[in-house]
1. How high is the FRET efficiency from Val189 to Tyr48, r the C-beta distance, R0 30 Å, rounded to 0.05?
2. Where does the charge balance sit around Gly129 when Lys and Arg score +1, Asp and Glu -1, over other residues with C-beta under 12 Å from its C-beta?
3. Using the Kyte-Doolittle scale, find the helices of the chain whose mean hydropathy is at least -1.0 and whose Cα atoms extend 20 Å or more along the helix's long axis, counting only whole DSSP H runs.
4. How fast does segment 67-185 diffuse by Stokes-Einstein, in µm²/s, taking the Kirkwood radius from C-alpha pairs at 4 °C and 1.567 mPa s?
5. Defining a contact as two alpha carbons under 8 Å apart and six or more residues distant in sequence, what relative contact order in percent does the chain show?
6. Consider just the alpha-carbon atoms of segment 137-215 and return their Rg together with their Dmax, both in angstrom.
7. Given H placed on each backbone N at 1.01 Å, which residues far from Asp295 in sequence or on other chains put an amide H within less than 5 Å of it?
8. Determine how many Å³ per residue the convex hull of the Cα atoms of segment 172-274 encloses.
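Just so you know, all these numbers are worked out from the coordinates, no wet-lab data involved. It should be emphasised that the depicted structure is a prediction, and the values quoted were computed from it without experimental measurement. Note that we place each Cβ from the backbone using ideal geometry, even for glycine, and neighbour counts take in every protein chain shown.
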Amino acid sequence: MMKRFLQFLRNWTLPVAMILGALGYFLITALPLSAEAKSTTYMAISHYIQPVLLFSMLFLSFTKVAPQDMRPHRWHLWVLLCQMGCFIAFSLLAMWVDGIENKILCEGAMLCFVCPTATASAVITGKLGGSLSGVTTYLLICNLVVSLLAPAFLTMVEPRAGLDFLTSFFMIMGKVFPLLICPLFLAWVVRYILPKFHARLLKITGLAFYIWAVALALAILVTVRSIMETSIGMSYLFGLAIISLVCCVFQFAVGKKIGSHYDAPKSRENRITAGQAFGQKNTVFIIWLGLVFLDPVTSIVGGLYSVWHNIINSYQLYKSRNPK
């Protein structure tokens, strides 16, 4: 019985993590804690626990990526052009469209497209049989391009006092790069300075995935909180839910289509990698962008996108275990 239960948990880690995360919100809500204590709990989760988990997960994943393997591929260019092209198109549409609700929906789509690849994408890509080096390379390229391009359009769509291009640029750089560069640099230091320790780390195959599962449960907990405690109307919530779903499915599908053009016969490596690179997003970053640069209502799209892309990831993992 116990063996079957553990096998079930291994096979359905992501759905279980999502359910536990949702239940975690209702558990905290039910506890006899003051509003200040609950706020402190959520702040500890988002500001301390999640970054530590993500750093550990990325470090373990990056130990498997050699510097010489991180080479740009042709699919990187096409996925990046598609991603940034859609972002620019919705940015222009947000500037021209009439009505506050239509503008918020356009801004929601903007955030779905401009958001860089999730730091956890390397873990899922490896599980699905994709290229760790390919998705890591795109992760770094995408974050650099977003840091350069996003400030220009975000400040035009929602001009705000004190948020010029350079201020926005350094704010975005400070948000996305420390959590990427530090674990990557540390992984390479360990690779070349501590080769025996590095060899031991390579033998730890599943730990990064389970660390991410814990991080996912916490992310869903925070997401459920943002949805349950939002003050926006149901029309906005429903509209942003549809926008985030359409953008999520579109990006996974287009990424896979682009990647498949560069696969060798009977190989699906680039298809898997490009799909994850385009579709799996850093949803915490989406929320932050919405709160800081756009109408704060749009930040809810990050939480909704998190639900959709993790449902898709759960289905993909199921299909990889049951190819027939």
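1. Plugging the Cβ-Cβ distance into 1/(1 + (r/R0)^6) gives 0.80.
2. Overall, the nearby charge balance is +3.
3. 13-30, 74-96, 100-114, 132-157, 178-193, 207-228, 234-260, 300-321
4. Translational diffusion coefficient: 83 µm²/s.
5. The normalised contact order for the chain reaches 30 percent.
6. My reading of the Cα-based Rg and Dmax gives 17.8, 53 Å.
7. Here nothing satisfies the definition.
8. Working: hull volume 18.7 nm³, N = 103.
Cα convex hull per residue, to the nearest whole number: 182 Å³.
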